[in-house]
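All remarks here apply to the structure that follows.
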Amino acid sequence: CSYTLDLDASPWGLGGILSEGDAPVEWYADALTDADCQRYACARGDASGQQIWGTLNALVAFRLWRSFLLNDQATLRVRGDSVTLTELVIRLRPPTNSPGLGLIAREWALDLADLPALPLVSAHVPGVANVQPDLLSRRFVPAADESEVQPVAWQPPASLRRLRQREPPARDEGWYRTL
């Protein structure tokens, strides 16, 4: 069976869609937390953390949907608008000397080692074509006059409303395996 993770991260949140074959089956939208910002030394809302958030999102999605990939016949395609993400997923090492990206690469490699041989493809999607994951990752953008992150009158894209919404677990100390 073939699975695809369509992913996007914004400076406020993470979003992803799992498809089996060509059919979406589940999705999530998750806010960046104070713990995320502290661990990776990136402020919420600051675009300088985009490489970190994009690769962290791939790890979140992989762990969230790991059970789908336990089948010996599974293949996985990871798609997103981050070049750093596509490089890290395939090479299992960050393209830059970043402690945060290094941590995510170690976590990703350890998780892959737990699975049967998994054919893995990573593809870059131009930002303008990554519409649905982008909408999910921007769920937690604050209103112009608010300083706190709050979902405001947000609805998932119509094509996802009947699908199961997943809630990723907290990314606390216990979530990381290599710390």
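Residue 87 contributes about 60 Å² of solvent-accessible surface, heavy atoms of the protein only, 1.4 Å probe. Accessible surface for residue 48 stands near 90 Å², nearest 10, in the context of the full protein assembly shown (1.4 Å probe). The stretch between residue 75 and residue 161 holds 28.4 nm of extra length on full extension. This uses 0.36 nm per residue minus the Cα-Cα distance.
As a length-normalised measure over Cα pairs under 8 Å and 6 or more apart, the relative contact order of region 9-141 settles at 35 percent. Would you mind getting me the FRET efficiency between residue 113 and residue 35? Use the beta-carbon distance for r and R0 = 35 Å, nearest 0.05. Computed FRET efficiency for residue 113 and residue 35: 0.90.
Under a model in which nothing but the beta-carbon of Lys, Arg (+1) and Asp, Glu (-1) is charged, the chain shows a dipole of about 320 debye around its Cα centre. In this structure, residue 124 and residue 96 have a Cβ-Cβ separation that, at R0 = 22 Å, corresponds to a calculated FRET efficiency of about 0.85.
Of the residues 159, 5, 38, the one whose Cα sits farthest towards the positive end of the charge dipole of the chain is 5 (charges of +1 on Lys and Arg Cβ, -1 on Asp and Glu Cβ, taken about the Cα centre). Of all DSSP bridge pairs formed entirely within the chain, close to 55 percent run antiparallel. For the chain, modelled as a Gaussian network with Cα springs under 10 Å, which listed residue fluctuates most, 80, 127, 16? Looking only at 80, 127, 16, the largest GNM fluctuation is found for 127.
The values are calculated or read from the model by the stated rules, or taken from the named source; none is laboratory data. For clarity, every value in this text was computed on a predicted model and none was experimentally measured. All Cβ positions, even for glycine, are placed from backbone atoms using ideal geometry, and neighbour counts span all protein chains on display. Keep in mind that these areas ignore ligands, DNA and RNA; they rest on the heavy atoms of the full protein, side chains included. Shrake-Rupley method; radii C 1.70, N 1.55, O 1.52, S 1.80 Å.
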